[in-house]
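Enquirer: I'd like to ask some things about the structure below.
The values are calculated or read from the model by the stated rules, or taken from the named source; none is laboratory data. Quick caveat: nothing in here was measured; it's all calculated off a predicted structure. No Cβ is skipped: glycine too gets one built from the backbone with ideal geometry, and neighbour counts run over all protein chains shown. Keep in mind that these areas ignore ligands, DNA and RNA; they rest on the heavy atoms of the full protein, side chains included. Shrake-Rupley method; radii C 1.70, N 1.55, O 1.52, S 1.80 Å.
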Amino acid sequence: MTFSRATSTDNTSFSFATQGLPLAVTLALAFSVRRMLELSMLVRVLGSAETTGEVTALLIDKTGTVTENDQRVNRAWIAGVDIGPLTSKSVTWASEIANKTRNEPTLDPRVVKLLSILLAMNSTITYDAKGQILRGAKAEIALLRFVNSMNNDELFVATIRKYFPLVKLFPFNASRKRMCTLFTLRDGINDDEMGDVIVRAVTKGASQDVLNLCSSVMDENGAHHPLDAATKDQLSKKFLEWQDDAERVLLVAYKDIERDLITTHEATNICSRMSASDAESDLTLVAAIGMCDPLRPESTKSVRLCRRSGVAVKMVTGDSLSTATAVARRCGILDEKDMSTEATMTGEAFREAIRGEEGQEIDQSKLDAIWPNLRVLARASPQDKFILTDGIRNTKLSGRKEVVGVVGDGTNDAPALRRANVGFALGSGTECARDASDIVLLQDDFSSVVDAIRYGRNVFESIEKFITFQLTANCTTIILSTGCALVYAKSPLNAIELLFVNLVIDSLASLALATDEPSDDVMRQPPSDASNLITSTMRLNIFTQVSYQLAVMAYLLNEFGPEDTQIYCCFVLLQLANQINCRKVTTEVNVFKGATKNKLFVSLLTSEILLHVAIVQAGGAVFHTSPLNAGEWLRCTALALGAIPLRAFFVTFFVSLFAAFREEDALHHH
C-alpha cells in the first residue's frame, strides 16, 4: 500500500510537469502579444511571437525601414547646370535656381518650364478637384513638390496635368527601373515651351538605365547636342558621386514622337501602337535629380543591437549598389570588416552566381558560399529576395537551423514575407504585404523589429524559467518520494499536499515567471534555439538546487521523521525560493534585479507565501498538518533561503572557472 502511494505521488508529479508546460507557453505568448500590441506591433500569427526569438538572419528594405521614407530633392543637374544642394529648408528651388544662374551659365527659363512639364506628366499621383494630392508614392510626391517649388506655384503640377492629356503609360517595375509616359497638347493649341510638338514621350528612372537610352543631351539654352562617350562617362562619374553620398539619382529624358499638328484622335492612335522600346529610344537627356532619404534616428542603434545579438542584418533593395552601400555603411550594416567584394552584390551578379551549370536551377552550394558574407543586395528583384530567403532557410551550413525574418512593405515583397519564418510588414505598406506577414509594424519603425526579437527571446526565456522550476521541483519530489518509500515505507508528502503544490504553486509560478519584461541581457545572447531549450546553465542550476533540496530534506527527515509538518513546510518554501532563483536562467547573479518592476510577480509570490502559512497553521483537517512555532518557521525559512546565495555562488564560481579555462586555452594556442 505504501509503494502504491509512492507510485501515485510520482505519477502526479509527472502529470503536472507535462500539463504545466503548455500553460506556461500560453501565458508567455499571451503576455508578449499584449505588450507587443502596446508597442505598436500587431501579431497576426500567434506562433510568430515565439519564432522571432529564434531569428538568425534579418532581410530588410532600405526605404521606410532603415530610412524615414521622407523623400526630398537634395540637388539637381539641369541641362548642364548644377543646382543645390539646398542650404536651408526655407530656400525655394526657384530662388536657388535664380542664385545659381545669376552669372554664367544662364539657365533658360524655357528649359526649367520644359523640365517642370516633363516631371508633372511622368507621374501616377492622383489629385482631387482642388489640386491636392490624394495618393501616390513618396518619391513622386517629393519630385512634384520640387516642380511646384521651381515655379513658385503650389498648383502648378495640378494645372499642367489638366492642360496636357496623358495618353499612355509604361509603368515602373523591378526589372525596367524606369517609367515612361506619352502625352499630347490639346488639339489646335500651340505652346511656346512645347514648340510644334503634339506627341511627346517622357522617361524617368535609374541613372545608368536612362543614360544608356540617351543619344543627345540638352544644354542650358535648350539646344540639343550629341551625347558622346566622353560626356556620358563624365556624367556617370558625377551621378556615382551623388550615389556615394547616399542619394538616389533619377534621370529625366524625353523624345518627340510626332511634330506635325494632327488631331487628338490621330495622336491617340499613334500612342496606342507605340511600344516601350520605341518610346524609350534616342532620348534627349534634360536633367538629373538627386534625392535623399534621411536615416531613422534609431536605425544605427537597432542594427548594432541585432549584430551584437547574433542576428545577421542584410539589406535587400532596388536602389543602386552605390546608394545602398552608402546607406548600409552609415547605419552599421557594413563596417570595416565587411568592405570586401563578397559583402555587396547586385541582383544581376547574384543571379549569375547561384545558378547551376545549366543556368536554370538554383545551386544551394553556390548560394551557401554567398549568403553568409552578403550584407547588401542592390538592384534586387522580388524574386532575388525570395530566393535569398528560401536559400537561407534551406541551408545546412551550421549545426542549427537558420531562422529568417523579412521586412517588407510592397506587394512585390509578399512572396518573401510568406516564405520567411517571420514576415514583418510595415503598417504603411500595401494590404497584400500586410496579409502575407506574420507581424505588422504599425509605426514603420526598425526598432520595432528589435523589440519583436526581444519579446520573442523573452518567450523562450520564460519557458526556460518554468522548465527549470518544474524540473527541479519534480526531480526532488520523485527522488524524495521514492527514497522515503524505500527507507521509511512511507512518503513524507501525501497526495493532497502534492496536489496543492502542483495546482496552486506551479500554476501561479508559471504565471509569475511568464510576466517578466524582457531585459537588455536577452539582446546580448545568441538567438534562441527551440531544439536546445535546456542550456548548460540551466542544467547547473537544476543539479545544484535538486542536490540542495534533497540534502535539506534528508537533514529534516533524519532529525524529525517523515511525518513532521516541517518536511512539507520546508519543501514548499524551497520551491518558492527556487521560484525566485528561476527569474534568471542565464549567468546573471542578482535574481532580484528588476523584481520590484513586476508587480504581478511580487503579488503572486506574496499570495503563495500567505496561502502556504494559512495551510500549515490552519489546514490540519484537510492537509494533515500541525501548526509550527516561531523556531520551526525560522528553521524552515532559513534552510529555504539558503538556496538563493547557493545559486549565486555556483553560477559565479563555474562561470569564472570556465572563463579561466578558455583564457588558458587561448594562451596555449597563441
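Enquirer: Per residue, how many Å² of accessible area does the chain show with a 1.4 Å probe?
Expert: Accessible area per residue: 44 Å².
Enquirer: Dipole size in debye (nearest 20) for the range 549-624 around its Cα centre, Lys and Arg Cβ +1, Asp and Glu Cβ -1?
Expert: Here the size comes out at about 560 debye.
Enquirer: Tell me, what is the FRET efficiency for T606 and T26 to the nearest 0.05, using R0 = 30 angstrom and their Cβ-Cβ distance as r?
Expert: The pair T606/T26 has a calculated efficiency of 0.80.
Enquirer: Quick check: at a probe of 1.4 Å, how many percent of the accessible area of the chain sits on carbon and sulfur atoms?
Expert: 55 percent
Enquirer: Please list K314, K396 from largest to smallest accessible area, probe radius 1.4 Å, with all protein chains kept in place.
Expert: Heavy-atom accessible area, descending, gives K396, K314.
Enquirer: Follow-up. Taking the Cα centre of the chain as origin, work out the dipole magnitude from +1 charges on Lys and Arg Cβ and -1 charges on Asp and Glu Cβ, in debye rounded to 20.
Expert: Here the chain has a charge dipole of around 1040 debye.
Enquirer: List the lysines whose Cα sits under 20 Å from the Cα of K401, skipping any in the same chain fewer than 8 residues away.
Expert: Once the sequence-local lysines are set aside, what remains near K401 is K314, K366, K385.
Enquirer: State, as an integer percentage, the relative contact order of the chain based on alpha-carbon contacts under 8 Å between residues 6 or more apart.
Expert: Result for the chain is 18 percent.
Enquirer: Mind putting a number on the dipole of the range 280-438 about its Cα centre? Charges go on the C-beta only, +1 for Lys and Arg and -1 for Asp and Glu, and I need it in Debye to the nearest 20.
Expert: About 920 debye.
Enquirer: Here's something else I'd like to know. Enter the accessible area of R329 (Å², nearest 10), with the probe set to 1.4 Å and all protein chains included.
Expert: About 120 Å², rounded to the nearest 10.
Enquirer: Excluding E54 itself, what net charge comes from residues whose Cβ is under 14 Å from its Cβ, given Lys and Arg +1 and Asp and Glu -1?
Expert: -1
Enquirer: Among S536, T637, S510, which residue has its Cα furthest toward the positive end of the charge dipole of the chain, with +1 on Lys/Arg Cβ and -1 on Asp/Glu Cβ?
Expert: T637
Enquirer: Taking all protein chains together and a probe of 1.4 Å, list T515, T411, T535 from the most accessible to the least accessible.
Expert: So the residues, ranked largest to smallest area, are T411, T535, T515.
Enquirer: What do the square roots of 5 times the Cα gyration tensor eigenvalues come to for the range 258-303, in whole Å, largest first, as semi-axes of the equivalent ellipsoid?
Expert: Working from the Cα gyration tensor, I get semi-axes of 44, 14, 11 Å.
Enquirer: What's the long-distance tail for the range 501-560, i.e. % of Cα pairs beyond 19 Å?
Expert: 61 percent
Enquirer: Could you please tell me the mean projected area of the C-alpha convex hull for the chain, averaged over all directions and given in square nanometres to one decimal?
Expert: In nm², the orientation-averaged hull projection of the chain is 40.6.
Enquirer: A follow-up question, please. Using θ = phi - 60° and the Karplus relation 6.51 cos²θ - 1.76 cosθ + 1.60, list the HN-Hα couplings for the range 413-428 in order, rounded to whole Hz, with x at every Gly or Pro.
Expert: Computed from phi, the couplings for the range 413-428 are 7, 4, x, 5, 5, 6, 6, 5, 5, 9, x, 9, 10, 6, x, 7 Hz.
Enquirer: Dividing the Cα convex hull volume of the range 482-531 by residue count, how many Å³ per residue is that?
Expert: Spread over its residues, the Cα hull of the range 482-531 gives 149 Å³ apiece.
Enquirer: Calculate one ³J(HN,Hα) per residue across the range 265-276 by plugging θ = phi - 60° into the Karplus curve 6.51 cos²θ - 1.76 cosθ + 1.60, and present them in order as whole Hz with x for glycine and proline.
Expert: Each residue of the range 265-276 in turn: 4, 5, 4, 5, 5, 4, 5, 5, 7, 6, 8, 5 Hz.
Enquirer: Helix-derived [θ] at 222 nm for the chain: sum -39500 (n - 2.57) over DSSP H runs of at least 4, divide by residue count, nearest 500?
Expert: -16000 deg cm²/dmol
Enquirer: Taking amide H atoms as placed 1.01 Å from N in the peptide plane, list the residues 5 or more away in sequence, or in a different chain, whose amide H sits under 5 Å from that of V313.
Expert: L58
Enquirer: Which of the listed residues, L367, L107, A267, is farthest toward the dipole's positive end in the chain, when Lys, Arg count +1 and Asp, Glu count -1 at the beta-carbon?
Expert: L367
Enquirer: In addition: Mind ranking H225, H265 by accessible surface for me, highest first, 1.4 Å probe?
Expert: The most accessible residue leads, giving H265, H225.
Enquirer: Given a Förster distance of 60 angstrom, what is the FRET efficiency for K162 paired with K366, based on the Cβ-Cβ distance and rounded to 0.05?
Expert: Taking R0 as 60 Å, the efficiency between K162 and K366 is 0.65.
Enquirer: Take the alpha carbon atoms of the range 40-91, find their radius of gyration, then divide it by 2.2 N^0.38 Å using N residues; give the quotient.
Expert: 2.05
Enquirer: Under 11 Å from the Cβ of S531, count the other residues' Cβ atoms, weight Lys and Arg +1, Asp and Glu -1, and hand me the total.
Expert: 0
Enquirer: May I pose another question? Using 0.36 nm times the number of residues separating E38 and R330, minus their current alpha carbon distance, what extension gain do you get?
Expert: Here the segment from E38 to R330 would lengthen by 102.1 nm.
Enquirer: Which one, Y455, Y488, G391, projects farthest toward the positive side of the charge dipole computed for the range 382-491 from Cβ point charges (K/R +1, D/E -1)?
Expert: Value: Y488.
Enquirer: Show me, for the range 57-63, the HN-Hα J-couplings you get by feeding each phi into the Karplus relation (A = 6.51, B = -1.76, C = 1.60, θ = phi - 60°), rounded to Hz, glycine and proline as x.
Expert: Calculated HN-Hα couplings, in order: 9, 10, 9, 10, 7, 8, 6 Hz.
Enquirer: Still on this structure: Long-range amide H contacts for T346: which residues qualify at under 5 Å (H placed 1.01 Å from N, peptide plane, sequence gap of 5 or more or a different chain)?
Expert: Amide H neighbours of T346, under 5 Å, 5+ apart: A378.
Enquirer: For C636, what is the net charge nearby, where nearby means another residue's Cβ is under 14 Å from its Cβ and Lys, Arg count +1, Asp, Glu -1?
Expert: Net of charged neighbours comes to -2.
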